[in-house]
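Here the structure is laid out as C-alpha cells; the discussion comes afterwards.
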Amino acid sequence: MHPVRLAALLAMLGMFGPFAIDAMFPAFKAMAADLDASPWAMQQTISVYLIAYGVMSLVHGPLADAFGRRPVVIAGVALFTLASIGCALATSIEALLVFRALQGFSTGAGQIVGRAIVRDLYSDAQAQKVMSLVTMFFAIAPAVAPIVGGLVFSVAGWAAVFWFLALYGASLLMLCLRLLPETHPPARRHPLALAPLSRRYLAMLFDWRFVLLVAASGFNFGAQFLYISSAPIFVEVHLGLGTMGYSWFFVPMIIGMMVGAALCNRMATRVPPRRTMTIAYAVMAVAQALNLGYNFAIDRVEVPWAVLPILVNALGVAMAFPVLTLKTLDRFPAHRGAASSMQAFIWGAMTAVTAGLVSPLVSHATRSLALVAAVMIALGWISWRVFVATTPLPRVEREPRAVEDVRD
C-alpha cells in the first residue's frame, strides 16, 4: 500500500478521537437541557470517554501483538459504530455516559495500533515522514468535527451528531475490511498472557527514559488539549462567538498542526531528530510568550489575537510529535504494540485529568488557561531535556543522512 494512502487511512482511524470529543461541543447546552444534566455532568462525558480510552489502551497493543494488527483495528471500529448508535438513542445522562465509555474503549484501536503499523513497515527517516503525513491528515479532524457537529446539530438536533459518528464508523469499517494491510505476521506475534504482559508493562514504567518521552509528548499535547476541553467556555463565553463560532478556534489550531507536520516531514531526511526537537520547543516557547503577554495585557480577549498563540503552539507540538512517538516505540522494538498502548494509557490519564479536573478549575479565566498551558509546555521541555542529557546520541543521528551530511 502506498505510504500516502496508508497515512490517510491511519489518519481516518485516528480521527475517531477528535470527532468523538469535538463534534458534540456545539450541542453541549441542548444535550444538558434535554437530559437534565448539570454542567459538571456534561464535562464528565469527556472525562469518562478519556478514562475508558486510557484503560482500554493497555489492551489494544498487546492484542495487536498477539493476534495481528488488522483484526484488532476492525473490531475497534465496529464497536465504536455500535457505541455511537447507543449515544444517539440515550434518554438519560447515565445512559449517555455508559455509551461514551464504550466509545472510549474502542477509539484507541485505530490510533494505537496505527502507530505500530507505521513502525512495522518503516524505519528511521521514512517512519518520521509517514508519521508526519498521518499527523497532517489527522489534523483536519479537530477543525472539521465541531463545524460538522454544529451543522448537523442545527439541522437535526444533538442525537444526529452521534448518528453521524455511527455513519462515519460504518463507512470506515468497510474501508478497513477492503484496504487495511496486516503488518504483523504470525512469526513475530507474542502469546497474550497476563504475567508476561504485566512484567512488560512494569519494565516500561521503570524505564525512566520511556516515561520521560511519554511525559514530554503528553505535556505538549496537554497544553493544547486544555483549550480543546475548555472550548465550549472559551469559544462561546470568553470569545463570545456562540455555537457556530468554533471554526475561529479550531481552524487556526489545525493550520498550525498541518504546517508543523509538513515541516517535520520535510526535515526528516535533512535535520537530525534532536535538532528538530530544539526547533519545535523554540516555537512552543514563542507561542506561550505570546499567549501570556496578550492575556495579561488586556481585559477581554477577542479573535484573531486570542487564537494566534494557539496556532503557533500547535505548529510546535506537531513538529515534535512524530519524533517523540518514534523514539518512544523504539525503547521496546520487539513489543511496539504494547509500547504504544502504555504511551496511550499515560496520555489518556493525563488528558482525563486535564478535561475532568484542570479545565473546570481554570477555564473561567483566560489568564488561568494561559498560565497552565505555559506550565505544561515547560514540563514537556524539561522532560525532553532530561532525556537528552541522559541518553547517548543514537548512531543514526551521529552519521551523515542519506541526502546531506548533517550532524546533530
Quick one: which of 121, 167, 172, 180 is out of contact with any Asp or Glu (no Cβ under 8 Å at 6 or more places or on another chain) and at pLDDT 90 or above? 167
Residues that are part of a helix (DSSP H, G or I), surrounded by 13 or more Cβ atoms within 10 Å (Cβ to Cβ) and in contact with a helix residue (DSSP H, G or I) (Cβ under 7 Å, 6 or more places away or on another chain): does the stretch 175-183 have at least one? yes
Within the stretch 37-59, identify whether any single residue is within 22 Å of residue 192 (Cα to Cα), free of Cβ contacts under 8 Å to residues at least 24 places away in the same chain and surrounded by fewer than 24 Cβ atoms within 10 Å (Cβ to Cβ), and answer yes or no. no
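Table: residues versus (1) within 20 Å of the chain's Cα centre (by Cα); (2) closer than 18 Å to residue 177 by Cβ.
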{"position": "9", "(1), (2)": "yes, yes"}
{"position": "24", "(1), (2)": "yes, no"}
{"position": "30", "(1), (2)": "no, no"}
{"position": "37", "(1), (2)": "no, no"}
{"position": "41", "(1), (2)": "no, no"}
{"position": "44", "(1), (2)": "yes, no"}
{"position": "54", "(1), (2)": "yes, no"}
{"position": "92", "(1), (2)": "no, no"}
Condition check: within 21 Å of the chain's Cα centre (by Cα) and either among the aliphatic types (A, V, I, L, M) or farther than 28 Å from residue 328 by Cα (or both). Does residue 259 satisfy that? yes
Flag for residue 139 being crowded, with 22+ Cβ neighbours inside 10 Å, in contact with a Phe, Trp or Tyr (Cβ under 6 Å, 6 or more places away or on another chain), at pLDDT below 85 and within 29 Å of residue 324 (Cα to Cα): no
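Among the listed residues 197, 212, 202, identify the single one that is surrounded by fewer than 19 Cβ atoms within 10 Å (Cβ to Cβ), part of a helix (DSSP H, G or I) and of a type outside the set (D, E, K, R). Spell out the reasoning first.
On the way: 197 fails: surrounded by fewer than 19 Cβ atoms within 10 Å (Cβ to Cβ); 212 fails: surrounded by fewer than 19 Cβ atoms within 10 Å (Cβ to Cβ).
Within the list 197, 212, 202, the selection yields 202.
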Restricting attention to the stretch 142-159, and to residues there that are surrounded by fewer than 21 Cβ atoms within 10 Å (Cβ to Cβ) and in a helix (DSSP H, G or I), which single residue is modelled with the highest pLDDT? 159
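Tell me the residue from 346, 377, 382 that is within 18 Å of residue 220 (Cβ to Cβ), surrounded by fewer than 16 Cβ atoms within 10 Å (Cβ to Cβ) and either out of contact with any helix residue (DSSP H, G or I) (no Cβ under 7 Å at 6 or more places or on another chain) or at pLDDT 85 or above (or both), please. Walk me through it before giving the result.
Values: 346 fails: surrounded by fewer than 16 Cβ atoms within 10 Å (Cβ to Cβ); 377 fails: surrounded by fewer than 16 Cβ atoms within 10 Å (Cβ to Cβ).
Answer to the selection: 382.
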Quickly run through the stretch 265-304 and pick out the residues that are assigned to a loop (DSSP other than H, G, I, E, B) and in contact with a Phe, Trp or Tyr (Cβ under 6 Å, 6 or more places away or on another chain). 303
Can you give me the number of residues within the stretch 97-114 that are of a type outside the set (Val, Ile, Thr), within 19 Å of residue 167 (Cβ to Cβ) and buried (at least 24 other Cβ atoms within 10 Å of the Cβ)? 5
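The values are calculated or read from the model by the stated rules, or taken from the named source; none is laboratory data. Remember, it's a predicted structure, so these values are computed and weren't measured experimentally. Cβ sites come from the backbone with ideal geometry, for glycine too, and all protein chains shown count toward neighbours.
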